[in-house]
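Below: the structure, in structure tokens.
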Amino acid sequence: MTDECYCQFLYDSAPFSIASLAGAKETVLVPAPSPKRIPCGVAYGFALAPAPVVGAMLKLQSHSTSNPTSVSQKAAVEALRGPQDSVGIMLAEYRKRRDFVVERLRAIPGVQCAEPRGAFYAYPNIAWR
């Protein structure tokens with residue numbers, strides 16, 4: 001299973017999906033576009049998977065009462081069909097923020113931080129020596 005909600009948030013390469021690799025037919029994709037185009041609290045998701053997996057998911061979900069609100073459903077349609085210009089704008093801003101955070105983390109004595117190649121997370125190594 002792969003959560004691909006950040007697959008378009010790559011700084012130095014094209015968007016990537018693990019499903020594009022040979023032999024990935026059994027992959028379950030969860031490509032929720034929430035972080036790209038939808039405000040917090042209006043999130044939704046969906047899955048792409050082999051038919052037997054979807055069948056099992058439906059059996060489980062049929063006993064659940066969760067479902068997206070009408071606002072989330074309309075936002076999802078717009079996010080999937082609408083223009084994608086905002087992704088590049090957000091990515092440029094996230095790059096600035098990444099550079100700001102990583103530079104400052106690396107300035108702390110004893111802290112190491114690899115430069116993230118996508119999304120907006122930094123994982124500093126603060127291991128004591």
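Scanning segment 28-48 for residues that are among the small types (Gly, Ala, Ser), open to solvent by 30 Å² or more (accessible area, probe 1.4 Å) and either modelled with pLDDT under 75 or out of contact with any helix residue (DSSP H, G or I) (no Cβ under 7 Å at 6 or more places or on another chain) (or both) yields GLY41, ALA43, GLY45.
Being of a type outside the set (Val, Ile, Thr), at pLDDT 80 or above and in contact with an Asp or Glu (Cβ under 8 Å, 6 or more places away or on another chain) is a description that applies to SER17.
Okay, residues lined up against (1) touching a residue at least 40 places away in the same chain (Cβ under 8 Å); (2) assigned to a helix (DSSP H, G or I); (3) not aliphatic (A, V, I, L, M):
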{"site": "VAL54", "(1), (2), (3)": "no, yes, no"}
{"site": "ASN67", "(1), (2), (3)": "no, no, yes"}
{"site": "ARG95", "(1), (2), (3)": "yes, yes, yes"}
{"site": "VAL102", "(1), (2), (3)": "no, yes, no"}
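For the criterion of being open to solvent by 90 Å² or more (accessible area, probe 1.4 Å), closer than 22 Å to ASP3 by Cα, at pLDDT below 85 and in contact with a Pro (Cβ under 8 Å, 6 or more places away or on another chain), LYS25 passes.
The values are calculated or read from the model by the stated rules, or taken from the named source; none is laboratory data. Note that this is a predicted model, so its numbers are computed, not measured. Glycine gets a Cβ as well: all are built from the backbone with ideal geometry, and neighbour counts include every protein chain shown. Side chains included, ligands, DNA and RNA excluded: accessible areas come from the protein's heavy atoms. Shrake-Rupley method; radii C 1.70, N 1.55, O 1.52, S 1.80 Å.
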